[in-house]
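The values are calculated or read from the model by the stated rules, or taken from the named source; none is laboratory data. Just so it is clear, the model here is predicted, and its values are computed rather than measured. So basically every Cβ, Gly included, is an ideal-geometry build from the backbone, and we count neighbours across all protein chains shown. Accessible surface is based on the protein model in full, side chains and every heavy atom, while ligands, DNA and RNA are left aside. Shrake-Rupley method; radii C 1.70, N 1.55, O 1.52, S 1.80 Å.
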Amino acid sequence: MPKRILEGVVVSDKGDKTVVVKVERTIVHPILKKIVRQSKKYHAHDESNAYKAGENIRIVECAPKSKLKTWEVLPKASA
C-alpha cells in the first residue's frame, strides 16, 4: 500500500525535532448536504528543525518514531 501524503500548516514547532501540523479537509455533511471543514492535528518528525509555525508543509506516513509521531516531514522543495 502506498504511503499517504498530507498537506497542512505548522501550528507548533516547540518540540525538539517535532512539528504539529494542522490538516484541513472539506466534506459534504451527510444530512445537511453542506460543505463542512474538518481539521486534525498530526505530530510529525522534523529531523533538522527546519520548519517554523505558519509554514505550509507536506508530511508522509512512516513507522512510529515515538508514542505520537507516525509521520515525517517531506524535505523542502529547492527554489
Filter the strands (runs of 3 or more DSSP E) completely within region 1-47 down to those with at least 2 residues that are in contact (Cβ under 8 Å) with a residue 60 or more places away in the chain.
5-12
Within region 41-54, residues being open to solvent by less than 90 Å² (accessible area, probe 1.4 Å), more than 14 Å from residue 14 (Cβ to Cβ) and modelled with pLDDT under 95 number 2
Please work out which residue is farthest from residue 60 (Cα to Cα), limiting yourself to region 1-23 and to residues that are of a type outside the set (A, V, I, L, M) and open to solvent by 100 Å² or more (accessible area, probe 1.4 Å).
14
